[in-house]
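Right, one structure below, let's go through it.
The values are calculated or read from the model by the stated rules, or taken from the named source; none is laboratory data. It should be emphasised that the depicted structure is a prediction, and the values quoted were computed from it without experimental measurement. Glycine gets a Cβ as well: all are built from the backbone with ideal geometry, and neighbour counts include every protein chain shown.
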């Protein structure tokens, strides 16, 4: 079971052409938050900067900075933290951004509409620029697998980055099982994955709301399913929007490895914690 970091087809690293800004509400804190995404030099990777704190602490988007948080991915060290990074990371990965500085004012990334659509639109507005350095990617040469209870993840050799996900919610007559597979590139990500919103069963999310753990959540930034109905007046954007969002999250979590993957990632019922555990496994094998 091996993976290796190697130049594939001699692609160049990319960053955004100019700065973009956005502001909104944090899903968990309910606080007003804002961010600036800025171009960055080659080999910078994605780095979050808490620009609202003294000394502007930096948090690289790397597995070593991930801390456990329910229902989202959080980066932290002794000086600062920023949570809900997965949707923005997914957008940067899906659109092919290798290097960027993300200045954040607030403890989390804005929720927007619960998808990666806003971030993709911001990136598309300014476009990307090639940089004078080769992009390094992780090439999967033989199967890698991770399994715990009902969550399973596999990486298989492929000549592309493909993600396949099987979602299973037997307790929901509306959701039941959904499957989706996509060859991830900027076009497919923008059209098929980015618009897909985070979702929750009403019964599952209610305890978090009652405990004040999701202060900024609502039908404008999440799909909520109650019984056999979607509570959002406009309904779902796709019949399988929910499983597509699971793919969105997985792409964002895997970006914390630090390099894009060339391989086929297959997931069954994984969430943030299992995604991160699998990413750490890939990263460890890659370094051998």
Self-check item: Unmet requirement for residue 246, which otherwise passes all of (1) touching a helix residue (DSSP H, G or I) at 6+ places or on another chain (Cβ under 8 Å); (2) at pLDDT 95 or above
Solution: (1)
Practice problem: Could you list, in sequence order, all residues of segment 219-229 that are surrounded by fewer than 18 Cβ atoms within 10 Å (Cβ to Cβ) and either touching a strand residue (DSSP E or B) at 6+ places or on another chain (Cβ under 7 Å) or in contact (Cβ under 8 Å) with a residue 60 or more places away in the chain (or both)? | Solution: 220
Exercise. Tell me which residues, restricted to segment 116-137, are in a helix (DSSP H, G or I) and touching a residue at least 40 places away in the same chain (Cβ under 8 Å).
Key: 117, 118, 119, 120, 122, 123, 124, 125, 126
Exercise. Tell me which of these residue 33 doesn't satisfy, since it passes every other one: (1) out of contact with any helix residue (DSSP H, G or I) (no Cβ under 9 Å at 6 or more places or on another chain); (2) more than 24 Å from residue 189 (Cα to Cα); (3) modelled with pLDDT under 95; (4) assigned to a strand (DSSP E or B).
Key: (3)
Quiz item: Looking at segment 76-98, which of its residues are surrounded by 24 or more Cβ atoms within 10 Å (Cβ to Cβ) and either assigned to a helix (DSSP H, G or I) or in contact with a helix residue (DSSP H, G or I) (Cβ under 6 Å, 6 or more places away or on another chain) (or both)?
Solution: 86, 87, 88, 89, 90, 91, 92, 93, 94
Practice problem: Would you be able to say whether some residue in segment 191-214 is modelled with pLDDT of 95 or more, within 18 Å of the chain's Cα centre (by Cα), in a helix (DSSP H, G or I) and surrounded by fewer than 20 Cβ atoms within 10 Å (Cβ to Cβ)? | Solution: yes
